[in-house]
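**Student:** Next up is a structure, given as structure tokens.
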Amino acid sequence: MSLDLKSSKASVVEARNLKKSYRQGDRDVQVLKGLNLDIHSGDCVALLGASGSGKSTLLHLIGALDRGESGELKVLNTNLASLKDSQRADFRLQNIGFVFQFHHLIPELTALENVCLPAALKGKKSEARGLELLDWMGLSGRVYSRPYQMSGGEQQRVALARALVNDPKLLLTDEATGNLDRERAAEVLEILFKANRELGTTLISVTHDADLAGKYARTLRLNDGLI
Ligand code: ADP
Ligand code: MG
């Protein structure tokens, strides 16, 4: 009898020989050069690398926002290459939360309406959950404020609540604290870690900031198209 000593944690991201290039003018620039990557359920990972090293490219592939060109990429045991565009959109809606550097909140909507939007797309009522998340973010006094009435840190925490409203298994952030001062950045980071700890959300955060990356349980570095 053989004992399976592999990690008992479920695989969330499995990349094998993943490649991606872009057409720039009359030449192809290869950004990802056949990388391998394993991320498991509950992981708290910083993806570090110089500007232009392909961090966002990789995150967009993992989040099914873009397609790889060769190699294998499984996210939550789904082979992303096999999905049609409509299935990819559904896959994102069901499984993934995103937070970008810019909050992308809808200016006409209140904080609560912004937070509840992804749930509405699933045909789900989520006001109670939205209020709970805003409270969790320290924003219970901001529920009916519109984005322009809030500070950068508050806007980013609303974006974070919105990313969590559908209880995604995977939370992806791309320089999410890039526009914030140190103190505000630390607050947002604490909330990301809280979601990882208390909700069990697998977290992958892209950053070029080594100090920030050092706060994560695990750091991966993207260098010359490889991890
Ligand atoms: P990072 O997030 O690490 O700064 P990116 O993934 O955004 O890096 O970009 C990696 C490289 O790919 C850069 O050289 C960038 O110019 C190029 N690139 C990214 N997106 C595109 C695109 N849509 N079309 C052409 N080139 C792109
Ligand atoms: Mg980037």
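**Student:** L222's amide H: which non-local residues (gap 5+, or another chain) put their own amide H closer than 5 Å, with H modeled 1.01 Å from N in plane and none for Pro or chain starts?
**Tutor:** So L222 has HN proximity to L48, G49.
**Student:** Work out, step by step, the length gained on full extension between S41 and N17: first 0.36 nm times the residue separation, then minus their alpha carbon distance; give nm to one decimal.
**Tutor:** Extra length from S41 to N17 when fully extended: 6.5 nm.
**Student:** Which whole-angstrom value gives the distance between the alpha carbon centres of region 25-42 and region 85-149?
**Tutor:** 29
**Student:** Separate question: So for E187, E198, fewest C-beta neighbours within 10 Å to most, what's the order?
**Tutor:** E198, E187
**Student:** Obtain the radius of gyration and the Kirkwood radius of the chain from its C-alpha atoms and give Rg over Rh.
**Tutor:** 0.98
**Student:** Using the Karplus curve 6.51 cos²θ - 1.76 cosθ + 1.60 with θ = phi - 60°, work out ³J(HN,Hα) for each residue of region 138-154 in order, rounded to whole Hz, and write x for Gly and Pro.
**Tutor:** Using θ = phi - 60°, the values come out as x, 10, 5, x, 10, 3, 9, 7, 9, x, 5, 8, 10, 6, x, x, 5 Hz.
**Student:** Something else now. For K194 and K33, what is the calculated FRET efficiency with R₀ set at 30 Å and r taken between the beta-carbons, to the nearest 0.05?
**Tutor:** Using R0 = 30 Å, I get an efficiency of 0.25.
**Student:** At 7 Å along Cα-to-Cβ for each site, give me the label-to-label distance between L226 and Q87 in nm.
**Tutor:** Placing both labels 7 Å beyond Cα along the Cβ direction yields 3.2 nm.
**Student:** Follow-up. Quick one: plug the Kirkwood hydrodynamic radius of region 44-109 (C-alpha pairs) into Stokes-Einstein at 37 °C, 0.692 mPa s, and report D in µm²/s.
**Tutor:** Value of D from the Cα-based Kirkwood radius: 242 µm²/s.
**Student:** Rg to Rh ratio, region 111-226, alpha-carbon atoms and Kirkwood radius? Don't skip to the answer; put the middle values down first.
**Tutor:** Values: Rg = 14.6 Å, Rh = 14.9 Å.
Reported Rg/Rh (Cα atoms, Kirkwood Rh): 0.99.
**Student:** Follow-up question, since we're still on this one. Just want the ordering: C44, C116, from fewest to most Cβ atoms lying within 10 Å of their own Cβ. Before the final figure, lay out the partial values.
**Tutor:** On the way: C44 20, C116 24.
In order of increasing Cβ crowding within 10 Å: C44, C116.
Every number here is computed from the coordinates shown, using simple stated rules; none is lab data. Predicted, not measured: the structure shown is a model, and the values here were computed from it. In this analysis, Cβ positions are derived from the backbone assuming ideal geometry, glycine residues included, and neighbour counts consider all displayed protein chains.
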